[in-house]
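Read through the structure below, which is laid out as structure tokens, and then see the notes.
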Amino acid sequence: MNSLNKMILGLSALLLVTLTSNAESNPNKSITVKIVGSQVTPYHFRGSLRDLPLARSWVAGDPIKEIPRKNYGATDPQSNDYNMSRDPLADLQKLTPANSTRAFNTPIINIEGQGFTGVNPPDPTGAIGKNYYIQAVNSSSGSVFTVYNKTTGAVEAGPIAMDTIAPSGACTGGSGDPIILYDETVERWFMQEFVSGGANTLCFYISATDDPINGGWNFYQYVGATFPDYPHFGVWPDAYYGTANENPATVYAFDRTNMLAGTTARAAQAIELGELSGYGFQTATPADWDGITAPPLGAPGIIMRHVDEEAHSEFTNNPTTDLLEMWEFVVDFDNVANSSFTQINDITITDFNSYFLNYNVFASVPQPGSSALLDPIREVILNRLQYRNFGTHEVILGVLPTNIDPATTGSSVNAGLRWFELRRTTGVGTPWSLYQEGTYDPGSATENRLVGSVAMDKAGNIALAYTKTDTNAATPLSPSIAYTGRLDGDATDVMTQPETLIKIGSGANGSGRWGDYASMDVDPIDECTFWFTGEYQNGTNWGTSISSFIFEGCDGPSFKLSSSPDAIAVCAADTGVNSVITVEAFNGYTQSVDLTFSAVPSVVTNQLLVGTSVVAPGTSNLTFDVVSGQPTGVYTITVEGNGIEQPPEIGTITKSTDISLLYSAGTTTAPTLTIPVDGATNQPLTTTFSWDADANATSYHLLVADDIAFTNIIIDEVVTTNSYSATALPDATILYWQVATQSSCNGADVDSGIFSFSTTALPGSCA
């Protein structure tokens, strides 16, 4: 037996000993449910979102607002008995080779979400429906949301301040922390934000139809006794369940039935959850139902939180295990005496580590290029806690932060993500148990992964996405967005897919706030496509991203087309250009796939597929010639594949692959530089460089340096237009710039002459 297999078996044995009992004995402890506020009469908005005013965009010079975390102060000192040891699940993940043969690491949609709004943090959340994706973020005027076309990624409506739908009352001044959900069995949208400043209000917007743009909204305004900070929500058949960081932490139930009907909603019901010692910020997380199969009839709502025994003095400080606490919420909106909130069995899990510098500081995760730290939100199970019913079993899937570094002194932080899958096979009233758990930290100790979200598709496959940083000086990574996953049936307790970067960040975030939310959702139409939104660092401010990806074969035996190369630079009159078309099989697909051209651009002639019927897996060779006389630009060849469904072999599966052609009509000449003119002085630090266009250029390479030999480069950019806007140039400096035209017809780039200019001096400059 080789050493790797021995180590894996050893780790597995350790986990088996650790988790021999994964459902702790726990007496059913009940908490009294109370009514909060009174019934709520809705306002019906029946206009079009496109008729509402657009939210004002933040511009440089506008103020930037930092939203502090609501900290009520720790109720008791945390335990001093830390008993830290290295996480064996993290070691197991590091020993698991990634399987790169699965078609999962190419996003389908990968677009910019809403940009910087002048507020830290952005709290990005989103949800996917039949035709649209809705994303919401914080802004200086509360929550702002945008509706996107799910097929193209194009903006269909927004950005719109959520509170513009509210007719009157506290909700006309919304404060943020938006939550977006899609209630898929009734095809409705759920949007929520809170109102701070003493209003203690939750504002709900429930769509009247599946069409969020023109179908109307029902608005409900609930007022509570205290401020409902950092809310989380979940869809359940009998209620919208919510949680908040209050003092104490609170769990709510809202009248889903009447809110969907647009009628008067019965009063909310709530309980006050016992505090965990050592934390001044804490809340539980409600389960959010995904899929067309409902929870079993009468199944109570599920509320969970995690317990790091070393962090809380009331627990036993077991050195090898920690807990997931679970409660069931039964609600009767007509008679609160019939409602109940009962703690059920705890779930014992492998020990995780909430010690990030200490147990109380918020910002603790390092990033390159700055001493400022990021907040992993260690205190909660992160948005969303997903529920899915497979008929044979029910699943709850969640993720929480953990520090891989076991040190309990100093400043060592190596942030990772602990994910878990619970199952129940015997129905309502019987215990949940731990099916699998893992710690995702596949890289070095300089890498960090935080503020993640996880979900499962209808086939049992899992996707996990998150923020990633790397402080290694040789491979620095600013806060970026990445994802991974695993197929149902893969080895348990590990992610088996390679890590894929969605957005590569730049710069550093100096606010100390990060997140506080991210959202992984599953398309309600195919129940296979994952959709994720999260935050990354985009220069001096944050940005957000919206992306989607899928495990091929989620729907059963299938195939995928790909092309290599899939991007080719071509010159007019080129001949014999080729690309290999690969037909990849999934889940045992063995049918032949018929290949055809579904799109051939004007620059292509004599196109040929050598092998038009390919048995999966297999390949076909595409060849073509290039014509002359067409405008320089980007053109696309599309190859389509059609195969019979397997089984029942009564339908057709259609897939396609694109080959992008960067076409140039001829060679280029040296460009003439125009602005800034040679020898210009006192140029602003935000400057637009421009030069004459070349009809044959596919791109231009701009270099700016503070020396004529271009050894100290200030700007190095390749652009497709004959201008570039630069920001934050160094002040009181002589700069040199040059542009080269690029073309696939050139043997090499064609350089311009070199111009110089000087920038203005800022007050106090020593120039």
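The values are calculated or read from the model by the stated rules, or taken from the named source; none is laboratory data. What you are looking at is a predicted structure, and each value in this text was computed from that prediction instead of being measured. Don't worry about glycine lacking a Cβ; one is built from the backbone with ideal geometry, like all the others, and counts go over all protein chains shown.
Residues in region 361-415 that are among the charged types (D, E, K, R), farther than 26 Å from Tyr230 by Cα and touching a Ser or Thr at 6+ places or on another chain (Cβ under 7 Å): 1 in all.
Out of everything in region 117-161 that is buried (at least 22 other Cβ atoms within 10 Å of the Cβ), out of contact with any helix residue (DSSP H, G or I) (no Cβ under 7 Å at 6 or more places or on another chain) and aromatic (Phe, Trp, Tyr), what residue ends up being nearest to Ser519 (Cα to Cα)? Per the stated criteria, the residue is Tyr133. Identify the residue in region 562-577 that is modelled with pLDDT under 90 and closer than 30 Å to Lys458 by Cβ and, among all such residues, is surrounded by the fewest Cβ atoms within 10 Å (Cβ to Cβ). Going through the qualifying residues, I end up with Asp566. Per the listing Glu527, Glu640, the residue uniquely in contact with a Lys or Arg (Cβ under 8 Å, 6 or more places away or on another chain) and not assigned by TED's automatic domain parsing to the domain that holds Ile109 is Glu640.
Residues are listed down the side, and each one gets a yes or a no for (1) of a type outside the set (S, T, N, Q); (2) at pLDDT below 95; (3) more than 30 Å from Asn587 (Cα to Cα):
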residue	(1), (2), (3)
Thr408	no, yes, yes
Phe420	yes, no, no
Ser433	no, no, no
Leu450	yes, no, yes
Val454	yes, no, no
Asp470	yes, no, yes
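Among the residues of region 701-716, those identified as surrounded by 11 or more Cβ atoms within 10 Å (Cβ to Cβ), part of a loop (DSSP other than H, G, I, E, B) and on the phi < 0 side of the Ramachandran plot are Asp706, Asp707, Ile708.
Yes or no, residue by residue, for (1) surrounded by fewer than 20 Cβ atoms within 10 Å (Cβ to Cβ); (2) out of contact with any Lys or Arg (no Cβ under 6 Å at 6 or more places or on another chain):
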position: Leu374; (1), (2): no, yes
position: Ile381; (1), (2): no, yes
position: Gln386; (1), (2): no, yes
position: Asn389; (1), (2): yes, yes
position: Glu394; (1), (2): no, no
position: Thr402; (1), (2): no, no
position: Ala407; (1), (2): yes, yes
position: Arg418; (1), (2): no, yes
position: Tyr435; (1), (2): yes, no
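The set of residues in region 459-491 that are polar (S, T, N, Q) and in contact with a Lys or Arg (Cβ under 9 Å, 6 or more places away or on another chain) comprises Asn461, Thr467, Thr469, Ser480.
Remark: Ser412 matches the filter, which requires a residue to be at pLDDT below 95 and either outside the structural domain of Thr496 (by TED's automatic domain parsing) or hydroxyl-bearing (Ser, Thr, Tyr) (or both).
Cβ-Cβ contacts under 6 Å between residues 6 or more apart (or on different chains), taken from a first residue in region 607-619 that is under 16 Å from Val577 (Cα atoms) and assigned by TED's automatic domain parsing to the domain that holds Gly576 to a second residue that is surrounded by fewer than 15 Cβ atoms within 10 Å (Cβ to Cβ) and among the hydroxyl-bearing types (Ser, Thr, Tyr), are listed as Leu608/Thr623. Scanning region 97-151 for residues that are without any contact (Cβ under 8 Å) to a residue 40 or more places away in the chain and closer than 20 Å to Leu54 by Cβ yields Thr146, Asn149. Take Ile165 and decide whether it is crowded, with 24+ Cβ neighbours inside 10 Å, in the same structural domain as Arg513 (by TED's automatic domain parsing), among the hydrophobic types (A, V, I, L, M, F, W, C) and out of contact with any His (no Cβ under 9 Å at 6 or more places or on another chain). When the stated conditions are applied, Ile165 does not pass them.
Residue check: is Thr348 in a loop (DSSP other than H, G, I, E, B) and over 30 Å from Thr471 (Cα atoms)? No, not satisfied.
Listed here are the residues, each with its yes/no results for (1) over 24 Å from the mean Cα position of the chain (by Cα); (2) modelled with pLDDT of 95 or more.
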site	(1), (2)
Ser196	yes, no
Pro212	no, yes
Gly215	yes, yes
Phe219	yes, yes
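Matching residues to (1) within 18 Å of Leu382 (Cβ to Cβ); (2) surrounded by fewer than 24 Cβ atoms within 10 Å (Cβ to Cβ); (3) in contact with a helix residue (DSSP H, G or I) (Cβ under 8 Å, 6 or more places away or on another chain); (4) outside the structural domain of Gln135 (by TED's automatic domain parsing):
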residue	(1), (2), (3), (4)
Gly452	yes, no, no, no
Thr469	yes, no, no, no
Ala474	no, yes, no, no
Gly485	yes, no, no, no
Leu501	no, yes, no, no
Gly507	no, yes, no, no
Gly510	no, yes, no, no
Gly534	yes, no, no, no
Gln537	no, no, no, no
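When residues in region 621-653 are screened for being out of contact with any Phe, Trp or Tyr (no Cβ under 9 Å at 6 or more places or on another chain) and farther than 25 Å from Ala573 by Cβ, 9 of them pass. On inspection, Phe333 does not qualify as part of a loop (DSSP other than H, G, I, E, B), of a type outside the set (D, E, K, R), within 30 Å of Ile404 (Cβ to Cβ) and in the same structural domain as Ile396 (by TED's automatic domain parsing).
Against the list (1) among the hydrophobic types (A, V, I, L, M, F, W, C); (2) out of contact with any Asp or Glu (no Cβ under 9 Å at 6 or more places or on another chain); (3) surrounded by fewer than 24 Cβ atoms within 10 Å (Cβ to Cβ); (4) at pLDDT 95 or above, the condition Val223 fails is (4).
Within region 505-526, residues that are within 17 Å of Gly118 (Cα to Cα) sit with their Cβ atoms under 9 Å from residues that are of a type in the set (Lys, Arg), at 6+ positions apart or across chains, in these pairs: Arg513/Arg69; Asp516/Arg69. Within region 574-590, the set of residues being part of a loop (DSSP other than H, G, I, E, B) and in contact with an Asp or Glu (Cβ under 8 Å, 6 or more places away or on another chain) comprises Asp574, Thr575, Gly576.
Might you check whether a residue that is surrounded by 23 or more Cβ atoms within 10 Å (Cβ to Cβ) and over 27 Å from Ala473 (Cα atoms) occurs anywhere in region 422-432?
For region 422-432, residues surrounded by 23 or more Cβ atoms within 10 Å (Cβ to Cβ) and over 27 Å from Ala473 (Cα atoms): present.
Quick one: in region 6-51, which of the residues that are part of a helix (DSSP H, G or I) and at pLDDT 50 or above is nearest to Val330 (Cα to Cα)? By that ranking, first place goes to Leu49.
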